Amino acid sequence: MPDAPQRATRQYRRRLSPIWIVPLVAVLIGMWMLYDNFSGLGPTITLEMKNAEGIEAGKTLIKTRNVQVGRVEEVALSDDMSHTVITARMKPDTERMLNNETRFWVVKPRIDREGISGLGTVLSGAYIQLLPGSSDESQRNFDVLDQPPVAPPDAPGIRINLVSQVGSSLRTGDPITYQGFTVGRVENTEFDPQEKEMRHRLYIQSPYDVLVTDTTRFWVSSGIDLSLNSQGFQVNVESIESLIGGGVTFGVPEDVKMGQPAEPGATYQLFSDRESAREGTFDRYLDYVLLVDDTVRGLGKGDPVEYRGVRVGTVEAVPWRFSAPQPDTLNRFAIPVLIRIEPQRFDDIQADFNADEWRERLQGMFKHGLRATLKAGNLLTGALFVDLNFKEDPAAYQPLTFEGKQVFPTTSGGFAQIEQKVANLLDKLNELQVEPILDSLDKTLSTTQATMRQVNEIANSVDALLNDPATRQLPQNLNATLRQTRETLEGFSPGSQGYRELNDTLSRLESLMRDLQPFARTLSEEPNALIFESKDIPDPQPKAPQ
């Protein structure tokens, strides 16, 4: 029996043939190759996008910085067929790139406001761009962006949020400007249906992020700003890009300090223009209600409330709770207008103010005649504004409230005052004694008619006199007489015969008068000399007495 184990060993050795070593080695090599193949494969990721335009399974590459890091393996529809699902295989060394901050988008030819991009894919075909994230939270399912991201998640700068009403024209990629210089971009824009408002995410690059503080205001940039004021016509242009497509601009309002640097993720309100942004700085105010008896046509939300030309508040709502019951002491059909008095306009904007103190101050001014009146601000457009001023002999002030808010006393103004004046004038006219005035006027008219008849008679007589043939001949006769007179005067002109004869006659007459002078003197001395002969009496000679 001792030979039995030896025989069994020899039989076993005969069964284990050396030829089985070859397939065994082949199996081991195959297993090693399978292990090496699977160990060399990178992670599988799932990408979701609206449509797979330009994406082909087995051909479309995934790149980052123009280096291939993966390839698309499968393109399929989602279960509800609302979008496409792409399965891609990444390279082994890409696990550190895949986290919740990683972004994917398709690179293809695009034409936008920044120019033309992706022309290199016209021949090579579209590919998927990967932007690595820096988060430590791993992720394998991603949404492919419709547009390239504005900046990497870890880009230096600040990201803030803007909230605006429906109707904002901002889109992803719109520029953010500061005094006309582009400092950032709009990263994302979406609509919140519950709050009914637009939400925008902005990225402002470094080093311009220091310009954003807690007192900064943002408003929509239309590209061109036109204004007409007392200083003339002004035109401001932000940039050519914002002129074409719009954007956002920001700044700190005048008379406001720079404030503290903004925190990342801070939320701001987006205003429609620069003026609205400035008005938004007055965020501490006192609410009052005007119960207006006049028409409010032309008065709207945002219109100014002024005191002697200085703006001190803003109209908040027209009308405001019109169906609410009104005080019995006033017109029960007055139109309520909600206004707010903004003490920050004539004080430090950032300084706190005591609301109770301001209400007491206004209460005292009401007692001294401060009243609100609607006045025309623009005759062309019919726009109105609320004017605050002191009135002479106003009605006694009575403190009233409307829907929990204090009533600001009002007086009629504008066209209502004109209407009242016209009514008063008509009342005075009705009180006049018209009948005596009419009787006197009738007599005056009768006298005037008689005078006019006399004037007509005189005019007829003058007309008949002028039409008389003798009167018509009078100018001719007068001309003939003047001609004869001129001819007669011409006969006595110097050098004429009649003139010489007249001179001779006058000379002889003068000589005769000289000759007659002694005779006349004799007659004067001796009147009887014509009858008696006159005796010559010698002239006496003076002699001395003897």
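Using beta carbons and a limit of 6 Å, which pairs, at least six apart or on different chains, have the first residue in the stretch 188-212 and closer than 27 Å to MET258 by Cα and the second one open to solvent by 90 Å² or more (accessible area, probe 1.4 Å) and among the acidic types (Asp, Glu)?
ARG199/GLU190
Do we find a residue being assigned to a strand (DSSP E or B), in contact with a helix residue (DSSP H, G or I) (Cβ under 7 Å, 6 or more places away or on another chain) and either of a type outside the set (D, E, K, R) or touching a residue at least 40 places away in the same chain (Cβ under 8 Å) (or both) anywhere in the stretch 75-83?
Step one: filter the stretch 75-83 for residues assigned to a strand (DSSP E or B), giving 75-77.
Right, trim to in contact with a helix residue (DSSP H, G or I) (Cβ under 7 Å, 6 or more places away or on another chain) and you get none.
Checked the stretch 75-83: no residue is assigned to a strand (DSSP E or B), in contact with a helix residue (DSSP H, G or I) (Cβ under 7 Å, 6 or more places away or on another chain) and either of a type outside the set (D, E, K, R) or touching a residue at least 40 places away in the same chain (Cβ under 8 Å) (or both).
Quick check, is GLY54 within 18 Å of LEU130 (Cβ to Cβ) and either modelled with pLDDT of 90 or more or open to solvent by 80 Å² or more (accessible area, probe 1.4 Å) (or both)?
Numbers: within 18 Å of LEU130 (Cβ to Cβ): yes; either modelled with pLDDT of 90 or more or open to solvent by 80 Å² or more (accessible area, probe 1.4 Å) (or both): no.
No; evaluated as a whole, the condition is false for this residue.
Scan the stretch 361-400 for residues that are touching a residue at least 40 places away in the same chain (Cβ under 8 Å) and either open to solvent by 20 Å² or more (accessible area, probe 1.4 Å) or over 19 Å from GLY309 (Cα atoms) (or both) and jot them down.
Result: ALA376, GLY377, THR381, GLY382, ALA383, LEU384, PHE385, ASN389, GLN398, LEU400.
Do you know which residues across the stretch 57-67 are within 52 Å of the chain's Cα centre (by Cα) and open to solvent by 40 Å² or more (accessible area, probe 1.4 Å)?
Filtering the stretch 57-67 down to residues within 52 Å of the chain's Cα centre (by Cα) leaves 62-66.
Correct list: LYS63, ARG65, ASN66.
Of everything in the stretch 132-178, what is modelled with pLDDT under 85, polar (S, T, N, Q) and either part of a loop (DSSP other than H, G, I, E, B) or touching a helix residue (DSSP H, G or I) at 6+ places or on another chain (Cβ under 6 Å) (or both)? Give them in sequence order.
SER134, SER135, GLN147, SER168, SER169, THR172
Search the stretch 69-87 for residues being over 13 Å from GLY58 (Cβ atoms) and among the β-branched types (Val, Ile, Thr), and hand back the single one that is surrounded by the most Cβ atoms within 10 Å (Cβ to Cβ).
Of the stretch 69-87, the ones over 13 Å from GLY58 (Cβ atoms) are 69, 76-85.
The next check asks that each one be among the β-branched types (Val, Ile, Thr); those that pass are 69, 84-85.
Numbers: VAL69: 20, THR84: 18, VAL85: 16.
Among those residues, the one meeting the criterion is VAL69.
Just the residues that are out of contact with any Asp or Glu (no Cβ under 6 Å at 6 or more places or on another chain) and among the aromatic types (Phe, Trp, Tyr), please, taken from the stretch 365-404.
Across the stretch 365-404, the qualifying residues are PHE366, PHE390, TYR397, PHE402.
Of everything in the stretch 151-200, what is closer than 24 Å to TRP105 by Cα, among the hydrophobic types (A, V, I, L, M, F, W, C) and open to solvent by 50 Å² or more (accessible area, probe 1.4 Å)? Give them in sequence order.
PHE191 - this is the single residue of the stretch 151-200 that is closer than 24 Å to TRP105 by Cα, among the hydrophobic types (A, V, I, L, M, F, W, C) and open to solvent by 50 Å² or more (accessible area, probe 1.4 Å).
The values are calculated or read from the model by the stated rules, or taken from the named source; none is laboratory data. In this text the structure is predicted, and so the values were computed from the model without any measurement. Methodologically, a virtual Cβ is constructed for each residue, glycine included, from the backbone with ideal geometry; neighbour enumeration extends over all protein chains shown. Heads up: the accessible areas ignore ligands, DNA and RNA and are worked out on the full protein's heavy atoms, side chains in. Shrake-Rupley method; radii C 1.70, N 1.55, O 1.52, S 1.80 Å.
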